[in-house]
Amino acid sequence: MLAIRIHETGGAEKLRAEEIPVPAPRAGEVRFRVEAAGVNFIDVYFRRGLYKADLPHTLGQEAAGTVTAVGEGVADFRVGDRIGSAKVLGAYAGEALVSAAAAVPIPAGVTSAQAAALLLQGMTAHYLAVDTFPLKAGDQALVHAGAGGVGLLLIQIAKRRGARVLATVGTEAKAELARGAGADAVCLYTRDNFTAAAREFTGGRGMDVVYDSVGKDTFAGSIDSLRPRGMMVTYGNSSGPVPDFAPLLLAQKGSLFITRPTLAHYTLTPAELRGRAAELFAWAASGALGVRVGATYPLAQAADAHRALEGRETTGKVLLVP
Ligand code: NDP
């Protein structure tokens, strides 16, 4: 089968399309035919070496498809079931393995492409808005990269919960998408000062919460956008990791709270994982949550998908199809 692997870390040119044997599931694992694999920034971090993996490494953590084999002791899934996961062991491949405990069933009303778009970015948007800072009616939230994979879903979930949302985006075309997802206001942070926009949006008070996936470039401005005792949620490094800072900064800026969450700690048990996924799938199946697939590439062109994602050219979800 075809798989996209790296033998050393670095730029997108390190991605190699290679023929490798179809893997056999070990005890507790399921193998499935990948119908759609999600491209995520975390794949870029592994490729670059910011996050570590043993080499050679088949990239990709998110995919959906149909079960082709089950390992010893797997009771929940059978050959022919449709499943997906955000913890796939090498999703950029024709077939992939996943621990049965990390997989979820895909209901009939949800396509494999939708599932691959929701399992990592959607569950992230879900936990951020529902659990990290549980938004309630009237809360004011700043969502960076609002036309991105997580961003478009996070805006929609925040609006479902009654929050007012200011989104930041890089271009006018992305601003349209963020507005379409429900953002009350949009700031082109490549042109305008988003901290000033946040002050204006909140009548000078400051945001209740900032969801910041951009990291290095926006961290300081995000901190300055918060109200006293507001919550800084730094959950990504799209522009680079956040530099070190002293806790005293939080006192100086208004007794702020800060958290650096990650999806694994918000899908701690199979019950939490399946509950979160099931709610997202139900919203998507009913049309209450729009899932935008901005680009689909053949698996062999994964390097182009990475270049587009890193180059800020993508909107919504980017998928690979074997
Ligand atoms: P996106 O679709 O959001 O793509 C990244 C976007 O970030 C770009 O389109 C761009 O939007 C913006 N951006 C701003 N500055 C830069 C820069 N210097 N280089 C590249 N992009 C930049 O990606 P994802 O939805 O896949 O992921 C969003 C973020 O969320 C990532 O940082 C990812 O690591 C993080 N994440 C964290 C998780 C967690 O649990 N902690 C789980 C999932 C994702 P624009 O042009 O509008 O500025």
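Quick one: would you say VAL209 is open to solvent by less than 10 Å² (accessible area, probe 1.4 Å), β-branched (Val, Ile, Thr), more than 12 Å from the ligand (Cβ to nearest atom) and touching a Phe, Trp or Tyr at 6+ places or on another chain (Cβ under 7 Å)? Against the criterion (open to solvent by less than 10 Å² (accessible area, probe 1.4 Å), β-branched (Val, Ile, Thr), more than 12 Å from the ligand (Cβ to nearest atom) and touching a Phe, Trp or Tyr at 6+ places or on another chain (Cβ under 7 Å)), VAL209 qualifies.
Candidates are the residues of the range 24-39 that are in a loop (DSSP other than H, G, I, E, B) and farther than 17 Å from ALA3 by Cβ; the one that is nearest to the ligand (Cβ to nearest atom) is GLY28.
Could you please let me know if GLY122 is crowded, with 18+ Cβ neighbours inside 10 Å, at pLDDT 95 or above and either among the polar types (S, T, N, Q) or more than 18 Å from GLY28 (Cα to Cα) (or both)?
It is true that GLY122 is crowded, with 18+ Cβ neighbours inside 10 Å, at pLDDT 95 or above and either among the polar types (S, T, N, Q) or more than 18 Å from GLY28 (Cα to Cα) (or both).
ALA158 - would you say it is part of a helix (DSSP H, G or I) and either within 10 Å of the ligand (Cβ to nearest atom) or free of Cβ contacts under 8 Å to residues at least 60 places away in the same chain (or both)? For ALA158, the condition - part of a helix (DSSP H, G or I) and either within 10 Å of the ligand (Cβ to nearest atom) or free of Cβ contacts under 8 Å to residues at least 60 places away in the same chain (or both) - is met.
Which residues, taken from the range 185-206, are in contact with a Cys (Cβ under 7 Å, 6 or more places away or on another chain) and surrounded by fewer than 23 Cβ atoms within 10 Å (Cβ to Cβ)? Passing the criteria: only ALA197. Filtering the range 52-73 to residues that are open to solvent by less than 30 Å² (accessible area, probe 1.4 Å), over 15 Å from ARG274 (Cβ atoms) and either of a type in the set (A, V, I, L, M) or part of a loop (DSSP other than H, G, I, E, B) (or both) leaves LEU59, GLY60, ALA63, VAL67, ALA69, GLY71. Being part of a loop (DSSP other than H, G, I, E, B), in contact with a His (Cβ under 7 Å, 6 or more places away or on another chain), open to solvent by less than 50 Å² (accessible area, probe 1.4 Å) and within 30 Å of ALA86 (Cα to Cα) is the requirement here; does VAL214 meet it? In short, yes.
The values are calculated or read from the model by the stated rules, or taken from the named source; none is laboratory data. Everything quoted here is computed from the prediction, not taken from an experiment. Please note: Cβ atoms are built from the backbone with ideal geometry, for glycine as well, and neighbour counts cover all protein chains shown. Calculation scope for accessible area: heavy atoms of the full protein, side chains included, ligands and nucleic acids excluded. Shrake-Rupley method; radii C 1.70, N 1.55, O 1.52, S 1.80 Å.
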